[in-house]
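One structure is given here, and the rest of the page talks about it.
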Amino acid sequence: MPQGSLFSAGRNISQGLAEFNQIIKSQAHAFNLRVVDLYPLSQTIGTLFSPDGLHPSAEGYGRWAALIEPAFPHQPLRMGSVI
């Protein structure tokens, strides 16, 4: 499990993120923007996080990219490219 709780100072970070993600989805819908929800993947256990338990590992970033790229079929993501 990600160790972001070590940095939460007693706050319920998961609840706050869920609420914030709903705001993002609502605003994206209002402006006809695409949203890729990385939160569920970010809650998985394994090698998706760096040793600090907070930041994604190379594998984690790769899995994020695998979710993001299909949402933007006309703009393929390439390593080192700037969108």
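Taking the condition under 12 Å from the mean Cα position of the chain (by Cα) and modelled with pLDDT under 90, does Pro73 pass?
Values: under 12 Å from the mean Cα position of the chain (by Cα): no; modelled with pLDDT under 90: yes.
It is false that Pro73 is under 12 Å from the mean Cα position of the chain (by Cα) and modelled with pLDDT under 90.
Within the range 47-68, count every residue that is free of Cβ contacts under 8 Å to residues at least 12 places away in the same chain and either in a helix (DSSP H, G or I) or closer than 18 Å to Ser14 by Cβ (or both). Before the answer, list the steps.
Pass one, the range 47-68, residues free of Cβ contacts under 8 Å to residues at least 12 places away in the same chain: 50-51, 55, 57-58, 61-62, 66.
If we keep only those that are either in a helix (DSSP H, G or I) or closer than 18 Å to Ser14 by Cβ (or both) as well, we get 55, 58, 61-62, 66.
Count: 5.
Can you go through Glu19, Glu59 and tell me which one is in contact with a Ser or Thr (Cβ under 6 Å, 6 or more places away or on another chain) and modelled with pLDDT of 85 or more? Reasoning before the result, please.
Numbers: Glu19 fails: in contact with a Ser or Thr (Cβ under 6 Å, 6 or more places away or on another chain).
Selected residue: Glu59, the only one of Glu19, Glu59 that is in contact with a Ser or Thr (Cβ under 6 Å, 6 or more places away or on another chain) and modelled with pLDDT of 85 or more.
Can you run down the residue pairs with Cβ atoms below 6 Å, 6 or more apart or on separate chains, where the first is in the range 7-35 and over 18 Å from Leu67 (Cβ atoms) and surrounded by 11 or more Cβ atoms within 10 Å (Cβ to Cβ) and the partner is of a type outside the set (Lys, Arg) and modelled with pLDDT under 80?
Pairs found: Ile13/Gly4.
The values are calculated or read from the model by the stated rules, or taken from the named source; none is laboratory data. This is a predicted model, so every value here is computed, not measured. Cβ sites come from the backbone with ideal geometry, for glycine too, and all protein chains shown count toward neighbours.
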